Amino acid sequence: MICMKAIQVTFDEELLEQLDERPEVQELGRSRVLREMTAAYLAEKRSEDIARQYREGYTKYPQTDEEIEDWASIQSWPDD
């Protein structure tokens with residue numbers, strides 16, 4: 001069961017007007033479009049966080065030449 005909670009959000013009148021003019025808002029409704037936009041925003045931020053954590057990890061603990069050589073010795077390239 002999906003549980004929804006009503007919230008109050010304040011928008012600039014011009015921004016709200018532009019949002020309401022969008023065909024998908026007129027078709028699906030403002031609430032659904034804002035929920036989908038919020039979900040997409042959070043997914044993007046999560047992806048950015050993961051990428052940042054990888055960068056920080058490899059900066060703090062970079063691969064050694066030995067590790068790279070180990071992988072290079074077992075790699076396999078398909079025959080063309």
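A few points about this structure:
- Residue 63 being assigned to a helix (DSSP H, G or I), among the polar types (S, T, N, Q) and surrounded by 10 or more Cβ atoms within 10 Å (Cβ to Cβ): no
- Unmet requirement for residue 31, which otherwise passes all of (1) exposed (fewer than 10 other Cβ atoms within 10 Å of the Cβ); (2) part of a helix (DSSP H, G or I): (1)
- Of all residue pairs spaced 6 or more apart or on separate chains, none has beta-carbon atoms under 7 Å together with a first member in the range 28-57 that is more than 19 Å from residue 9 (Cα to Cα) and a second member that is among the aromatic types (Phe, Trp, Tyr) and surrounded by fewer than 10 Cβ atoms within 10 Å (Cβ to Cβ).
- Here residue 68 meets the list (1) modelled with pLDDT under 95; (2) loosely packed, with under 10 Cβ neighbours inside 10 Å almost entirely, failing just condition (2).
- Just one of the listed residues (48, 24, 36) is farther than 22 Å from residue 4 by Cβ, part of a helix (DSSP H, G or I), out of contact with any Cys (no Cβ under 6 Å at 6 or more places or on another chain) and not small (Gly, Ala, Ser), namely 48.
The values are calculated or read from the model by the stated rules, or taken from the named source; none is laboratory data. As the structure is a prediction and not an experimental result, all values here were calculated from the model. Cβ coordinates were reconstructed from backbone atoms using ideal geometry, including for glycine residues, and neighbour counts include every protein chain displayed.
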